[in-house]
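So the structure is just underneath, and the comments pick up after that.
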Amino acid sequence: MINTSVRTYEMENIEMRQMYASTLVELAKGNPNVIALEADLMSAISTNKIVKEIPNQIINSGIMEANMIGVAAGLSITGKIPYVHTFGQFATRRTFDQLFVSGAYAKTNIKILGSDAGVTAEHNGGTHMAFEDLGLVRLIPDAHVYEVSDSTMLRYLLKKIEKEHGIHYIRTIRKNTVKLYPENEVFEAGKGKLLREGGDVTIIASGIMVAESLKAADLLLEQGINATVIDMFSIKPIDRELIVKYAEKTKAIVTAENHNIIGGLGSAVAEVLSEFSPTPMRRIGVKEQFGQVGKLDYLKEYYHLTPKDIVRAVEEVTNLR
């Protein structure tokens, strides 16, 4: 799915939370062992609309996220397949010890959806704006860590991980996003998606920053700079082969993430490059800052998460070669 020309950007008709709820119903109806757990955010993720369809396979744990992970671990031991949802900071920062010990260390089987990724938390503000969640889960041995970029990917991964044992963390926004993939697209763990190919620089992005990176590539093309754009939705395991291939081809890398530059995608890519293909690199993301209340466009500008910020990083890194 490679496009080297300027493209249009259309928003999806379905919200990510609606896709989560509809996919969860499908999974639960197809497998009585699938159990959904919520921490009093059912209306926020649309699972309140599916309770009547799967009344015996959905549990509202209340505002007790750590306990919810413990319950999920216990359900796993009995053979159930728990799908846990809450906002990203509560799903990781608040529950980290339970995820680490009751989850990974005990080798239980828990699927976690962390919503309201980064700046998309908007008016929920700094306490609810997770910039560190990917980094936290990356620290857990054998955990799988994903950041989805559209609803097709979210649906595919939710269905895929049903059959895969272990700790799986999916980071998502709740509302509409830019449509990137056809309905029949396939997504593999440890394999990035090459969306645009160019020979001058490689932009590696995840989540909402994939669309921002494609827009940046359009701006760069106006300057005669041809950029490769990769959707690195699988943060752990990461596609080392693809990173090295395009580092060696373009000799310059920019990462773009709606997350702290420490611990997330930028760190993961830098780890690969430092060991296997040292390459000039710049990281777009949140730098030593907390979240705040604001509308999405304002927050993108404030934290330098716009196409123009990516363009400036490309201009800087290409001058280092």
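The values are calculated or read from the model by the stated rules, or taken from the named source; none is laboratory data. Values in this document were obtained by computation on a predicted structure and should not be read as measured data. Here Cβ is always computed from backbone atoms with ideal geometry, including for glycine, and neighbour counts include all displayed protein chains. Heavy atoms of the whole protein, side chains included, go into the accessibility calculation; ligands, DNA and RNA do not. Shrake-Rupley method; radii C 1.70, N 1.55, O 1.52, S 1.80 Å.
For the list (1) of a type outside the set (Asp, Glu); (2) touching a His at 6+ places or on another chain (Cβ under 9 Å); (3) open to solvent by 60 Å² or more (accessible area, probe 1.4 Å), I need the number of the one condition that PRO55 fails.
Against the list (1) of a type outside the set (Asp, Glu); (2) touching a His at 6+ places or on another chain (Cβ under 9 Å); (3) open to solvent by 60 Å² or more (accessible area, probe 1.4 Å), PRO55 comes up short only on (2).
Given (1) in a helix (DSSP H, G or I); (2) open to solvent by 40 Å² or more (accessible area, probe 1.4 Å); (3) in contact with an Asp or Glu (Cβ under 6 Å, 6 or more places away or on another chain), where does GLU26 come up short, assuming only one miss?
Checking GLU26 against (1) in a helix (DSSP H, G or I); (2) open to solvent by 40 Å² or more (accessible area, probe 1.4 Å); (3) in contact with an Asp or Glu (Cβ under 6 Å, 6 or more places away or on another chain), the one that fails is (3).
Does GLY192 qualify as being touching a His at 6+ places or on another chain (Cβ under 8 Å) and under 20 Å from GLY285 (Cβ atoms)?
no
Can you tell me which residue among GLU288, GLU275, GLU271 is open to solvent by 40 Å² or more (accessible area, probe 1.4 Å), at positive phi and either in a helix (DSSP H, G or I) or modelled with pLDDT of 95 or more (or both)?
On the way: GLU275 fails: at positive phi; GLU271 fails: at positive phi.
The unique qualifying residue is GLU288.
Which members of the stretch 289-314 meet the condition of being touching a residue at least 12 places away in the same chain (Cβ under 8 Å) and of a type in the set (Asp, Glu)?
Across the stretch 289-314, the qualifying residue is only ASP309.
Would the stretch 298-305 turn up any residue that is open to solvent by 20 Å² or more (accessible area, probe 1.4 Å), closer than 20 Å to ASP218 by Cβ and touching a helix residue (DSSP H, G or I) at 6+ places or on another chain (Cβ under 7 Å)?
Step one: of the stretch 298-305, the residues open to solvent by 20 Å² or more (accessible area, probe 1.4 Å) are 298, 300-302, 304.
Then keep just the ones that are closer than 20 Å to ASP218 by Cβ; that gives 300-301, 304.
From what is left, the residues that are touching a helix residue (DSSP H, G or I) at 6+ places or on another chain (Cβ under 7 Å) are 300.
For the stretch 298-305, residues open to solvent by 20 Å² or more (accessible area, probe 1.4 Å), closer than 20 Å to ASP218 by Cβ and touching a helix residue (DSSP H, G or I) at 6+ places or on another chain (Cβ under 7 Å): present.
Please enumerate the residues belonging to the stretch 85-142 that are open to solvent by 10 Å² or more (accessible area, probe 1.4 Å), more than 18 Å from MET64 (Cβ to Cβ) and acidic (Asp, Glu).
Residues satisfying the conditions are GLU122, GLU132, ASP142.
What pairs come up if the first residue lies in the stretch 39-61 and is of a type in the set (Val, Ile, Thr), the second is in a loop (DSSP other than H, G, I, E, B) and at pLDDT 95 or above, and their beta carbons are under 9 Å apart, counting only those six or more places apart or on different chains?
ILE45/ARG174; THR47/LEU41; ILE58/ILE50; ILE58/VAL51
Restricting attention to the stretch 240-268, which residues are open to solvent by 10 Å² or more (accessible area, probe 1.4 Å) and charged (D, E, K, R)?
As a first pass, look at the stretch 240-268 and keep what is open to solvent by 10 Å² or more (accessible area, probe 1.4 Å): 240-242, 244-245, 248-249, 251, 260-263, 267.
Result: ARG240, GLU241, LYS245, GLU248, LYS249, LYS251.
Please indicate, with yes or no, whether at least one residue in the stretch 217-233 is closer than 13 Å to LEU265 by Cα, among the hydroxyl-bearing types (Ser, Thr, Tyr) and touching a helix residue (DSSP H, G or I) at 6+ places or on another chain (Cβ under 6 Å).
No: the stretch 217-233 contains no residue that is closer than 13 Å to LEU265 by Cα, among the hydroxyl-bearing types (Ser, Thr, Tyr) and touching a helix residue (DSSP H, G or I) at 6+ places or on another chain (Cβ under 6 Å).
Within the stretch 148-202, how many residues are of a type in the set (Lys, Arg), under 14 Å from the mean Cα position of the chain (by Cα) and open to solvent by less than 10 Å² (accessible area, probe 1.4 Å)?
Total satisfying the criteria: 1.
Assess whether SER234 counts as being at pLDDT 95 or above, open to solvent by 50 Å² or more (accessible area, probe 1.4 Å) and either among the small types (Gly, Ala, Ser) or touching a Cys at 6+ places or on another chain (Cβ under 8 Å) (or both). Steps first, please.
Working: at pLDDT 95 or above: yes; open to solvent by 50 Å² or more (accessible area, probe 1.4 Å): no; either among the small types (Gly, Ala, Ser) or touching a Cys at 6+ places or on another chain (Cβ under 8 Å) (or both): yes.
No; evaluated as a whole, the condition is false for this residue.
Is at least one residue of the stretch 216-228 among the acidic types (Asp, Glu) and either part of a strand (DSSP E or B) or buried (at least 24 other Cβ atoms within 10 Å of the Cβ) (or both)? Step through it out loud before you land on a result.
Narrowing the stretch 216-228 to residues among the acidic types (Asp, Glu): 218, 222.
From the residues that got through so far, the ones that are either part of a strand (DSSP E or B) or buried (at least 24 other Cβ atoms within 10 Å of the Cβ) (or both) too are none.
No, that holds for no residue.
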